[in-house]
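Before any comments, here is the structure.
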Amino acid sequence: MSALFFLQQCLIGLTNGALVALMALGYTMVYGIIRLINFAHGDLIMLGACLALTLVGAFGLEAAGTATAGVATWLGIALLVGLCGLFCGLVNVAVDRLVYRPLRDAPKLAPLVSAIGVSFIFMNIGLFWLGPADRSFPQLLPTANLLPGEGLQFGWKDLLVLVVVVPLMAALMVLVKSTRLGKAMRAVSQDETAAALVGVDVDRVIAATFFLGGFLGGAASVIYGLYINTIGFQMGFQNGLYAFTAAVLGGIGSIPGAVIGGLVIGLVRALSTAYVGERWAGAMVFAILIVILVFRPEGLLGRRTKEKV
Amino acid sequence: MSGFIVPGGLWCGDCRLTRLNHSPYIPVMNSWNRGFALLVACMVYAGCRPADPGLVRIVSSLPRTGSAKQQTDSIVRGIRMAIDEAGGRVGPFRIEYLDLDDATAAAGQWTSEAEAANARRALQDPDVVAYIGTYNSGAAKVSMPILNLGDLLMVSPANTAVGLTKPDMGEPGEPEVYRPTGRLNYLRVVPADDLQGPLSADWAKQRGVKKVYILDDNEVYGKGIADLFDERCRELEIEVLGHDSIDAKAQEFKSLMARIKAAGPDLVYFGGTTQSKGGQLAKDMVSAGITARLMVPDGCMEQVFIDAAGAANLEGRCFVTFGGLPAEKLTGKGSEFVARYQKQFGEPPEGYAVYGYEAAQVVLRAIRDAGMKDRRAITDAARTIRDFDGALGRWGFDENGDTTLDALTVSVVRGGRFVFEEVIDATDVAGTQPSE
Amino acid sequence: MGTVWGWVSDRWEVVVLAVLAVAPLVIPALGGALGGQVTTLFIYCILALGLNVMVGYTGLLHLGIAAFFGIGAYVLAILTVPTFPFQIGWLAAAAVSIAVTAGIGLALGAPTLRLRGDYLAIVTLGFGEVAKVTLRNLEQVTGGMKGLNPVPPPGAGVTVAGTDLGLAFAVDPRWFYYLTLASLAGVVWAMRRLENSRLGRAWVAVREDELAASAMGISATRVKLSAFAMSSAVAALAGCLYAASLSTTADPNAYDFNRSILVLCAVILGGLGSIPGTLLGVAILVGFDTVLAPWADSLIQQLNINPSGSSLLSFSGWRLAIFGIALVLVMRYRPEGLIPSRRLAAELHGDQR
């Protein structure tokens, strides 16, 4: 119970937090652009995990062995991330087209309830796909410790999270900051009507946002499966709750905010497990959320915006 | 509206109302009134649905959705086999069996609401004469006081929490709070945790364990057995490095495992079930680099636990206690049951299947002994069974409704299966059981 | 409107109440398991009307109503179960529980009211989670995952003309049926009065335009706080009825986010700010869950259609999908809800806040 122990907990917290952050991006991007709390995002991630599990079986990745993380394994994982990302992205776009787009002018809570409805539908699909019990996600990476000595544990799985999450986030930042699509997204987010007036195809930009959010969710689902090693049709709920909280904590609509929010949540969970007790960890996350919002009502990095009247 | 109790109407006037300390609202009645109350109760039930005199209905209430399904499927098959072997009849009655679910898909495990609804449904259906269940001890706490009001026989194939039956061993007021009528209607065919918890500690001591870290899932069953284990460890001077309750809704336990690793135990004990994340704990233990052994109680003795944890993570290091003999060690009628089950379903039964079968046999025998379709008579016939020659061997019920069986076995996980390790003899510790 | 239909639709509450009051005397099934299920339905109606004060009238998105439902149930249980020394009667306990829960609502509302829109929503959601975990972990008070058990029925130990009310409540579901129906009728009546009161109009004014309302001299803070308190109090009443009818508080997971979402969906599906809409929404969503699904499942089992027990062939296997599709379709074709509130319907089209 020393500095080393503290360091270990921080390491766990940051790794977990990176995963939460990746999921939070899907919430924050969609919220940023159409002010919708996409309740179905967590369950979309669950569907991605279902596909990942099926693909692992189909590719025979399980047989790739756990002794060393060979090139084949890493390639397989990269392929999984790509396919599941694509799948989730396309599903998200389809849902936007079918469910949310017709509701653009409806009262504010109508799309919210639709999103809840979509999340139920996803859960039912997951129930048939996985069955009612939790399923074990195969261990594709060796369990060996990558750090020397006994004090700190940092395995291949932890490395995997960082290897996938950091580049994806960097790519997203670049995309939003410096590409044409990114500019269009920011324009629509600021003022839909004005963006349309200067020639931005709003519906396409929104669809692209849904695709990107879904893609990141799909990637997160693969990482989740490999990192946590258990998936189940109800996992979306808990994931969604944390990811959504991360997005709000960081300032919903802000991409760096979601990342920071995710990391804070990971750290709070790990440290409260270590020093307060496992069973209080969930409550600590939300208690800290409430406290932060009371003092910074727009989240850590959010801008103070006037609500549309 | 024949059955509706009208104020001033059907209830007899001179019920003496006494405030009992354990249940402040139940009238104590003399036998005259009791008979009258029964009559009224019958009329109440009769008002709901006409009873069919040639039919007895047996219901079971088990978690039929969620990860316990594989285990409860096996129990239900056991019950159905017992009824089928009786030819679907007992005495002069046709048997109808109804398999109720006390879990919901949304919760993924049993819920109080569903269990209460099942109990009420059974109580208010005049054809129901027996209630087989529950699987989870926490669920029994919900349905026991409800079913007790109608003296409806309740036989559990799987509840092991101590306080459900044993006076002075559970919480204050247990088990009287579950018996508002003051009469016994709850029986169980599986030995309670006052054996399993302490005996597990004895066994750990025998195997040279010096330091344990105890976890529980904060539920009735899991916390109950972990506390008993904890208490016995302290008596045996095994060092308890920590005792934490986990959040059974959490998805991973990496931080917790880092904490356990820092404490350095020889054995990690988890009081809980597969449904309360037993598998995930085992996984995270391995990935945190903990080499200690893992010990779990019978709530994890099901194939889905091994599937959830991953067989490699448990291989040779995970020990499971079970209040009874595993299927392959049963003899006599028990081994015949296992053979028939294997033949009929093409797979070996889960650990509790034989208890489902035995519970149904107890119910059938009670109906036969009572010889009439009367809940009270059937319940009385069941609880006075002292000598039962069944699949579990020769056994009976004691005055608390507990089985006289006291075998406890330890299995170890090898090659993705539970492999029988040894029988622990209860008589060794009979004198040293915890007094509270 | 001179037609019969006009008369009925103006006084729908009275008509429905009369039908429901007579029903148990004519439908014997209500004396059985169905009676218990309908009772649950009434309790959810009360809960939804409580949420409607926040979401419907005042326009504050509340994602943690189940926490207040749960706190209400637990406070009642603490005051009545035999393991604690209080053991006061149900009515007194319910009154205390409602007051305490309203106080907790105020305590949550006061520091968070300056949050806007979705930020307030997430605070209520967070509070719900904190409350659930706290209920689970404070074992000495709440019994942890065991819950508090057994909660005596109302009228325990009271004898009226030779009938022990406690036993009557325990044995015949029609007693609870009438108790919850009467409570529901009371809440509906109170809501009707509130809608047209000064406070009710202030709620709507704040919802429509907080700035304009403040300019008219309405204290937005006080109005919102009163909505918080009222909503919590009504939820607590529902909780008191719930714990008594189940005879246990159930475990804290019964008061989680899923339940808040279910009630929220019912309110929005039925029509925000509309009393008949809210009641209809609950009847559809909760009725589907507690009445229709178990009935369909046992029917399938009795007809032996599904001997293998596959979830594809059980009704509850499809429950979530049916639920979800219904929500999506209703929102697609009636975004203001099934029975929009008259006030809202008049002004909502095309316009949004």
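The values are calculated or read from the model by the stated rules, or taken from the named source; none is laboratory data. No experiment lies behind these values; they were computed from the predicted model shown. FYI the Cβ positions are ideal-geometry reconstructions off the backbone, even for glycines, and counts take in every protein chain you see. For the accessible areas, the whole protein counts, side chains as well, though only heavy atoms, and no ligand, DNA or RNA atoms are used. Shrake-Rupley method; radii C 1.70, N 1.55, O 1.52, S 1.80 Å.
Some observations on this one:
- Interface size A-C, as summed buried accessible area [1.4 Å probe, Å², nearest 100]: 4400 Å²
- Inter-label distance, nm, simple model (7 Å from Cα along the C-beta direction), residue C:84/residue A:191: 5.7 nm
- Alpha-carbon centroids, segment C:39-69 and segment C:72-135: separation in whole Å: 13 Å
- Rel. contact order, % - alpha carbon contacts under 8 angstrom, at least six apart, chain C: 28 percent
- Listed residues C:183, C:274, C:197, most fluctuating in chain C (Gaussian network, C-alpha, under 10 Å): C:197
- Residue-span extension gain [residue B:315 to residue B:85] - 0.36 nm each, minus C-alpha spacing: 79.0 nm
- Within segment B:341-421, trypsin sites (Lys or Arg not before Pro) in DSSP loop having at most 15 other beta-carbon neighbours inside 10 Å: B:386
- Relative contact order of chain B: 16 percent, from C-alpha pairs under 8 Å at least 6 residues apart in sequence.
- Rounded to 10°, Cα long-axis angle of helix A:3-34 versus longest principal axis of chain A: 30 degrees
- Among C:130, C:282, C:291: highest mean-square fluctuation, GNM of chain C, C-alpha pairs under 10 Å: C:130
- Sorted largest first by accessible area at a 1.4 angstrom probe radius, with every protein chain in place, the residues A:202, C:141 fall in the order C:141, A:202.
- Distance between the modelled labels on residue C:114 and residue B:236, one decimal in nanometres: 5.9 nm (7 Å Cα→Cβ projection).
- Label reach from residue C:29 (point 7 Å along Cα→C-beta): in segment C:142-175, amide nitrogens under 20 Å belong to C:172-175.
- Contact order for segment A:25-244, expressed relative to its length and based on alpha carbon pairs under 8 Å spaced 6+ residues apart, stands at 44 percent.
- Heavy-atom accessible surface that B and C bury in contact, both chains counted, 1.4 Å, Å² to 100: 4300 Å²
- Tilt relative to chain A, helix A:255-275 - C-alpha long axis, 0 to 90 degrees, to 10: 40 degrees
- The DSSP beta bridges internal to chain B are antiparallel in roughly 35% of cases.
- Surface calculation, 1.4 Å probe, protein heavy atoms: residue B:281 sits at approximately 0 Å² accessible.
- Here chain C exposes an accessible surface that is 69 percent carbon and sulfur, computed with a 1.4 Å probe and the other protein chains kept in place.
- Accessible surface ranking for C:96, A:176, 1.4 angstrom probe, highest first: C:96, A:176.
- Working note: Cα atoms of the protein assembly as shown, range along each principal axis, descending, whole Å: 88, 84, 51.
- Heavy atoms of the protein chains alone define the surface here; on that basis segment A:25-244 has 37 Å² accessible area per residue at 1.4 Å probe size.
- Residue list for segment A:206-235, given a label point 7 angstrom along the Cα-to-Cβ vector of residue A:173 and an amide N cut-off under 15 Å: none
- Set of lysines with alpha-carbon distance to residue C:132 below 25 Å, sequence-local pairs under 8 removed: B:141, B:223, B:249, B:254, B:277, C:146, C:224
- In degrees, nearest ten, helix A:180-190 long axis to first principal axis of chain A (Cα): 60 degrees
- Chain B: equivalent-ellipsoid semi-axes (sqrt of 5 x gyration tensor eigenvalues, Cα, Å): 39, 24, 20
- Whole-angstrom gap from segment A:169-206 to segment A:3-36, using each part's C-alpha centre: 24 Å
- Summarising the label geometry, the points placed 7 Å from Cα in the beta-carbon direction at residue C:18 and residue B:414 lie 7.8 nm from one another.
- Within the accessible area of segment B:170-281 (1.4 Å probe), percent carbon and sulfur: 45 percent
- Calculated FRET value between residue C:295 and residue B:340, using beta carbons and R₀ = 41 Å, to 0.05: 0.75
- Using a Förster distance of 25 Å, the FRET efficiency for residue A:128-residue A:75 (Cβ separation, nearest 0.05): 0.25
- Residue C:219-residue B:171 FRET efficiency (beta carbon distance; Förster radius 51 Å; 0.05 resolution): 0.55
- Within chain A, longest stretch free of exposed trypsin sites (Lys or Arg not before Pro) [DSSP loop, at most 11 other beta carbons within 10 Å]: A:1-302
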